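Reviewing the structure listed below.
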Amino acid sequence: MPRHLPAVGEKRYFMHKEVTIIKVWDCFQLAEIREETEQETLVVDFCTLTNQPNYANSIPLRLLGRERK
């Protein structure tokens, strides 16, 4: 569990994108986030939010799943 739980209105980073915390579910360790320029929101685990941008390379999850026909 992160040391500091996110608060509504707080700015954090989701990978390299700055986001705003919209809603927090402590019991599930989830937070609803939104980018400044986007209307859509996303629900993520607290552990994916950082205080600094993360530019590390990653593998898209669709590459790990089965192929669609």
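The values are calculated or read from the model by the stated rules, or taken from the named source; none is laboratory data. As the structure is a prediction and not an experimental result, all values here were calculated from the model. Cβ placement follows ideal geometry from the backbone for every residue including glycine, while neighbour counts extend to all protein chains displayed.
Can you tell me which residue in segment 26-41 is surrounded by the most Cβ atoms within 10 Å (Cβ to Cβ), limited to those that are modelled with pLDDT under 95 and of a type outside the set (D, E, K, R)?
Within segment 26-41, the match that is surrounded by the most Cβ atoms within 10 Å (Cβ to Cβ) is Gln29.
Out of everything in segment 1-25 that is closer than 23 Å to Tyr55 by Cβ and of a type in the set (D, E, K, R), what residue ends up being modelled with the lowest pLDDT?
Residues of segment 1-25 closer than 23 Å to Tyr55 by Cβ: 2-4, 6, 10-21.
Narrowing further to those that are of a type in the set (D, E, K, R): 3, 10-12, 17-18.
Values: Arg3: 62, Glu10: 96, Lys11: 96, Arg12: 96, Lys17: 94, Glu18: 96.
Per the criteria, the residue is Arg3.
Given the criterion more than 10 Å from the chain's Cα centre (by Cα) and without any contact (Cβ under 8 Å) to a residue 60 or more places away in the chain, identify the matching residue among Ile59, Ile33. Talk me through it step by step, then tell me what you get.
On the way: Ile33 fails: more than 10 Å from the chain's Cα centre (by Cα).
Result: Ile59 is the single residue among Ile59, Ile33 that is more than 10 Å from the chain's Cα centre (by Cα) and without any contact (Cβ under 8 Å) to a residue 60 or more places away in the chain.
Is it fair to say Thr50 is over 14 Å from Glu18 (Cβ atoms), in contact with a Lys or Arg (Cβ under 8 Å, 6 or more places away or on another chain) and surrounded by 10 or more Cβ atoms within 10 Å (Cβ to Cβ)? Can you show your working first?
Working: over 14 Å from Glu18 (Cβ atoms): no; in contact with a Lys or Arg (Cβ under 8 Å, 6 or more places away or on another chain): yes; surrounded by 10 or more Cβ atoms within 10 Å (Cβ to Cβ): yes.
Criteria not met by Thr50.
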